[in-house]
């Protein structure tokens, strides 16, 4: 399985106990949705290696895992710091105006006042803000991904309707 077919699930933060268990930090809004997972994919030397889960105890956004064939603390220590992934199919389905960043490139952006802005090229993630990057005649237009800006997500027509801050789109196109 390739990384582009997966999503980042979390990271091994330390060992747990002396019988080969690991503690992981889960990067999810609702970690309980992953309570019954049977395996994880661990990034080891840039390859995703599957590990089957024998036992899992979930505590908020952390979990303790007992992985099949990992029987010693020494073996578990080798996994500390490694990133964990799951296949995209395991992402919970989102509805309404919620979406995953990987699913919207290719969607149209339509502004309430401006009209059709263009097609989302990619989502840019910055520490303080995520942005839609839309290329309009080789001009980059950046639109903030905020609940106040996004008015409707239409998955069927692959269109996101927005109400951009006044003058934002024109600022990019008229400079």
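Readers should treat all values here as calculations from the given coordinates under stated rules, not as data from a laboratory. Computed from a predicted model, the values in this text were never measured in an experiment. Neighbour counts are summed over all protein chains in view; Cβ atoms, including those assigned to glycine, are modelled from backbone coordinates with ideal geometry.
Some values worked out for this structure:
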| read-out | value |
| --- | --- |
| Stretchable slack from residue 108 to residue 133, in nm (0.36 nm times residue separation minus alpha-carbon distance) | 7.9 nm |
| Rg to Rh, two decimals, where the range 101-173 supplies the alpha carbon set and Rh follows Kirkwood | 0.92 |
| Whether the range 3-90 is rounded, prolate or oblate, judged on the alpha carbon gyration tensor where a/c under 1.5 counts as rounded | oblate |
| Extension gain, residue 14 back to residue 172 (0.36 nm per residue minus Cα-Cα distance, nm) | 52.2 nm |
| Rg/Rh ratio calculated on Cα atoms of the chain (Kirkwood radius) | 1.10 |
| Label-to-label distance, nm, for residues given as residue 78 and residue 93 (7 Å Cα→Cβ offset) | 4.0 |
